[in-house]
Amino acid sequence: MTTHTSGPRPGQILTRAEIHPVLGGAGFAGICPAVEKRNVLIFSDSKVGERFGYRDGWLAEDDDIGPIFTYTGAGKRGDQALEGGNKAILEHIDKGRTLHLFIAVGKVPGSDTRTHLYIGEFKVDERKQFEIREAKDEIGADRNVIVFRLRPTGLHIRREEDTLPRATSARSRFSRNAARLTRAYRRQRRQQLQVSNVDQVAAARDDLADTFEESTLAAGETIGQLEVSMRDATAELIAELYNPTSNTVYEPTGSAASESIAEAMTQLLLARHYLRNVAHSQPLHLMVLTPELPRENLRNLLAEHGIGLVYRNESGGFSEFAPNTTTSASTPRAFRCLDCPMPA
């Protein structure tokens, strides 16, 4: 259970000299774990983020639970890792620590002392704790950064200037290893926690994605993560399995049940909506990736929406299910990335 500590009120503007004696922590790092006070303090500064091509802030659109603040983890050079302050954020609930968010707003008049607006208490989103995205490090090299998804737990301040700008057009970025790292971190996280039925489905989905990626790479194909900035939105659409050569998005499922198929279809239809106008030499293809062949009515549902199917066959490899456009029957065929997907 998280311990709520008496301290500043949302909306107060404070210096670190005023913050640390009350909430704990010390120094000038962006993430300050305070073990004795059972807090984790996080400081966001838009000027620092701009130097490295990212920005912290509120998503403009709430989901069905409520608002989300995205916060980029610590690490200025090379890939960021879930260690140190980043690990403290991820595990704050496990450790019984309260997460406090501050945003830099200026300086004390006549000095170089920074001032920070207290936004409120937060927790890491239980649905999706973080995303790994591509950004620049302090020497301009491409690297992977950890973007935490934080939800307020009570009274908080939400200013318009702290809201991320909506994308004016759909844009995409490709990363070779971001999704693989994300799945590895999720697997480590599940091993630390008690596994539920939902976690088992998620684990099966990650295992299937890893196996498929290894198979695709072994066949000489390129595959990785596609990040899509959705037009008129601030949230990112992440496709963890994307073949840039054939312009194919694969959405893995943890089972062949209708619920898993429906969830995968939703992600793929969103991808189609935002990627259809992104220039590419190949037409966009959408494929559901399943651990076994789904039943016929689900296969027909996918075909009706122009979505293909790749499934794990009995020999442990992958087969593509190609709809027969002349009859209601369909037949599986051996999966080869160079031929996948076949047009309906």
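The three principal axes of the Cα atoms in the range 1-139 give end-to-end lengths of 39, 37, 30 Å, sorted in falling order.
Scaled against the 2.2 N^0.38 Å expected of a compact globular protein of N residues, the Cα radius of gyration of the chain reads 1.10.
Contact order, relative form, for the range 233-320: 27 percent (alpha carbon pairs under 8 Å, 6 or more residues apart, mean separation divided by residue count).
Simple point charges give the picture: +1 on the Cβ of Lys and Arg, -1 on the Cβ of Asp and Glu, and for the chain a dipole about the Cα centre of about 780 debye.
Short-range pairs are left out: with C-alpha atoms under 8 Å and at least six residues apart, the relative contact order of the chain is 12 percent.
In the structure displayed, which of K37/K128; K95/K136; K37/K76; K107/K136; K37/K136; K87/K128 lie more than 25 Å apart, Cα to Cα? Display every interim value, and only then the final one.
Numbers: K37/K128 27 Å; K95/K136 31 Å; K37/K76 27 Å; K107/K136 27 Å; K37/K136 34 Å; K87/K128 15 Å.
Correct reply: K37/K128; K95/K136; K37/K76; K107/K136; K37/K136.
When nucleic acids and ligands are ignored and a 1.4 Å probe is applied, S229 ends up with an accessible area of around 10 Å². Centre-to-centre separation between the Cα atoms of the range 262-279 and those of the range 147-211: 18 Å.
Positive-end ranking of F318, P291, A303 along the dipole of the range 255-321, with charges on Cβ about the Cα centre, is headed by A303. Only helical runs count toward this figure. For the chain, summing -39,500 (n - 2.57) over DSSP H runs of n ≥ 4 and dividing by all residues gives -7500 deg cm²/dmol at 222 nm. Solvent-accessible area per residue in the range 18-164 equals 46 Å², computed with a 1.4 angstrom probe and all protein chains kept.
Size descriptor for the range 133-254, Kirkwood hydrodynamic radius: 16.6 Å (Cα pairs only, one decimal). What shape does the range 164-232 have by the C-alpha gyration tensor, where a ≥ b ≥ c are the square roots of the eigenvalues, rounded means a/c under 1.5, and otherwise prolate means a/b greater than b/c and oblate the rest? It is oblate, given that a/c is not under 1.5 and a/b is not larger than b/c.
Looking at the calculated P(r) for the range 56-209, what percent of the C-alpha pair distances fall above 25 Å?
Pairs farther apart than 25 Å: 39 percent.
Largest GNM mean-square fluctuation among P283, P152, P244, using the chain with Cα springs under 10 Å: P283.
The calculated pair-distance distribution of the range 72-145 uses every alpha carbon pair, bins of 5 angstrom beginning at 0, and gives 3, 13, 17, 17, 18, 18, 10, 3, 0 percent. Pull out a ≥ b ≥ c, the square roots of the eigenvalues of the alpha-carbon gyration tensor of the range 5-55, then state rounded if a/c is under 1.5, prolate if not and a/b is larger than b/c, and oblate in the remaining case. Prolate, since a/c reaches 1.5 and a/b exceeds b/c.
The values are calculated or read from the model by the stated rules, or taken from the named source; none is laboratory data. Remember, predicted model here, so these are calculated numbers, not experimental data. Please note: Cβ atoms are built from the backbone with ideal geometry, for glycine as well, and neighbour counts cover all protein chains shown. Ligands, DNA and RNA are excluded from the accessible area calculation, which covers all protein heavy atoms including side chains. Shrake-Rupley method; radii C 1.70, N 1.55, O 1.52, S 1.80 Å.
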